[in-house]
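Participant: Got a structure for you, questions after.
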Amino acid sequence: MTRYGIEACHHCDACKWRTDSFFCQFDPETLAAFNSITYANVYPNDSLLYGEGEVPAGLFILCHGSAKLSISSGTGKTLITRMVQPGETLGLSSVLSGNPYKSTAETITPSQLKFVKRDDFLRFVSEHRDVQFNIARQLIEECESDANQIRALGLTNSAAERLAQLLLAWCEDTGQPSASGMRIPVTMTHEDISQMIGTSRETVTRLLKSFREKKIITMRRSSMTLHKKSDLEDLILL
């Protein structure tokens, strides 16, 4: 069945999106056991998966698409803390600890996710001890991502530097070589980007316009081409 432009896949062993990520590369027996306790669903963009402060009902695994984690202040300010890649989980630390979710999780584009109830997941982990290594890898990557986010927000001098760092990170993670530079898929709005680098939407729009005028980037409807990485790297070194 196709929903929101995605043909749903319910069986992990037949999944066309499988990667080398933490919860995709179990051995066949473990993968079958994991598949038996998960529920697949396709969500439209901007779907709320869970909210900050909610009791953890279970774990989400992003199969296809894109999602974001964000935190909010009492005054309504929002900061996007991490972009979730296919094969990664959402809510892992809270599911393990039983503490409330520390962030809000939402889809950015139409996405397929699998959900497993907390009790089922904890039982699965106790019965398949080799999975603990995958869990550790995921938690380590989350810690490193958080550290990078804190560094970018706390140790850079300007919004231009933070935006340059973000674009270079996208280039490293999802960039594809093209005749004119590195092509980067862009699924985030200017508002989303502003929430990632701790500035206003208007500032992001102004900076992207400046980057275009300086021939650093070219923008298309759903992608961006970075012509010379060194131009952005120079901004960070100033």
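The values are calculated or read from the model by the stated rules, or taken from the named source; none is laboratory data. None of the values given here were measured: they were computed from a predicted structure. Here the Cβ positions follow ideal geometry from the backbone for every residue, glycine too, while neighbour counts run over all protein chains shown. Each accessible area value is taken on the protein alone, full model and side chains, heavy atoms only, with ligands, DNA and RNA left out. Shrake-Rupley method; radii C 1.70, N 1.55, O 1.52, S 1.80 Å.
Participant: Considering just Cα atoms, how many Å³ per residue does the convex hull of region 84-199 enclose?
Facilitator: On the way: hull volume 16.4 nm³, N = 116.
Convex hull of Cα atoms, per residue: 142 Å³.
Participant: Counting only other residues whose beta carbon sits under 10 Å from that of M219, what net charge do I get with K and R as +1, D and E as -1?
Facilitator: So the surrounding residues net to +4.
Participant: While we're looking at this one, here's another question. Considering only H64, S158, L96, whose Cα is most displaced toward the positive end of the charge dipole of region 41-188, charges sitting on Cβ of Lys, Arg (+1) and Asp, Glu (-1)?
Facilitator: S158
Participant: For region 92-100, just list the computed ³J(HN,Hα) in residue order, Karplus coefficients 6.51, -1.76 and 1.60, θ = phi - 60°, integers in Hz, with x standing in for Gly and Pro.
Facilitator: Per residue, the Karplus-derived 3J(HN,Hα) values read 4, 4, 6, 5, 6, 8, x, 7, x Hz.
Participant: Shifting gears a bit: Distance in nm between label sites at E202 and I140, each 7 Å beyond Cα in the beta-carbon direction?
Facilitator: In this crude spin-label approximation the distance works out to 4.5 nm.
Participant: Still on this structure: Magnitude of the Cβ-charge dipole of the chain, K/R +1 and D/E -1, about the Cα centre, nearest 20 debye?
Facilitator: 840
Participant: Still on this model: Starting from the Cα-Cα distance between Q176 and R221, subtract it from 0.36 nm times their residue separation and give me the gain in nm to one decimal.
Facilitator: Details: separation 45, 0.36 × 45 = 16.20 nm, distance 1.65 nm.
Extra length available between Q176 and R221 comes to 14.6 nm.
Participant: As an exercise, find the ratio Rg/Rh for region 1-134 from alpha-carbon atoms, using the Kirkwood inverse-distance average for Rh.
Facilitator: Dividing the radius of gyration by the Kirkwood radius yields 0.96.
Participant: Return the long-range amide H neighbours of G58 (sequence gap of 5 or more, or a different chain), with a cut-off of under 5 Å between placed amide H atoms.
Facilitator: When sequence neighbours closer than 5 places are left aside, the close amide H contacts are R118.
Participant: Reported to two decimal places, what Rg/Rh ratio describes the chain when computed on Cα atoms with Rh from the Kirkwood expression?
Facilitator: 0.99
Participant: For the pair N45 and E7, what calculated FRET efficiency results from E = 1/(1 + (r/R0)^6), where r is the Cβ-Cβ distance and R0 = 22 Å, to the nearest 0.05?
Facilitator: 0.85
Participant: Given the Cα-Cα distance of K214 and V125 and 0.36 nm per residue of separation, how much length would full extension add, in nm?
Facilitator: On the way: separation 89, 0.36 × 89 = 32.04 nm, distance 5.20 nm.
Gain on stretching K214 to V125: 26.8 nm.
Participant: Could I ask something else about it? Between region 42-56 and region 213-238, how many Å separate their Cα centres?
Facilitator: 33
Participant: Express the relative contact order of region 1-139 as a whole percentage, based on alpha carbon pairs under 8 Å and six or more residues apart in sequence. Before the final figure, lay out each step's value.
Facilitator: Values: 279 pairs, mean separation 45.3, N = 139.
Relative contact order here is 33 percent.
Participant: Next up: Per DSSP helix of 4 or more residues, -39500 (n - 2.57); summed, then divided by the residues of the chain. What does that give at 222 nm, rounded to the nearest 500?
Facilitator: Working: 8 runs with 95 residues, N = 238.
Calculated at 222 nm, the ellipticity per residue is -12500 deg cm²/dmol.
Participant: With every protein chain present, what is the per residue accessible area of region 34-181 (1.4 Å probe, Å²)?
Facilitator: Per-residue accessible area for region 34-181 comes out at 47 Å².
Participant: Separate question: Under a point-charge model restricted to the Cβ atoms of Lys and Arg (+1) and Asp and Glu (-1), what is the dipole moment magnitude of region 35-169 relative to its Cα centre, in debye to the nearest 20?
Facilitator: Computed charge dipole of region 35-169: roughly 80 debye.
Participant: Which ³J(HN,Hα) values in Hz, rounded to whole numbers, follow from the phi angles of region 26-39 under the Karplus curve 6.51 cos²θ - 1.76 cosθ + 1.60, where θ = phi - 60° and Gly and Pro get x?
Facilitator: Going residue by residue, I get 5, 5, x, 5, 5, 4, 5, 5, 5, 4, 6, 10, 9, 10 Hz, with x marking Gly and Pro.
Participant: By the scheme Lys and Arg +1, Asp and Glu -1, what is the net charge of all other residues having a beta-carbon under 11 Å from that of F26? Please list the in-between numbers first.
Facilitator: Details: positive: R18; negative: D13, D27, E29, D130.
Once positives and negatives cancel, what remains is -3.
Participant: Where the accessible area of the chain is counted over protein heavy atoms with a 1.4 Å probe, how much of it, in %, is carbon and sulfur?
Facilitator: It is 51 percent, rounded to a whole number.
Participant: Tell me the relative contact order for the chain as a rounded percent, counting alpha carbon contacts under 8 Å between residues six or more apart.
Facilitator: For the chain, the relative contact order is 18 percent.
Participant: Any idea what log10 I(q)/I(0) is at q = 0.14 Å⁻¹ for region 141-238, Debye with uniform C-alpha scatterers and no solvent?
Facilitator: At q = 0.14 Å⁻¹ the computed log10 ratios are -0.49.
Participant: On to the next question. Please give the charge dipole size of region 58-138, origin at the Cα centre, charges +1 on K and R Cβ atoms and -1 on D and E Cβ atoms. Round to the nearest 20 debye. Don't skip to the answer; put the middle values down first.
Facilitator: Values: 10 positive and 6 negative charges, 40 e Å.
Dipole about the Cα centre, nearest 20: 200 debye.
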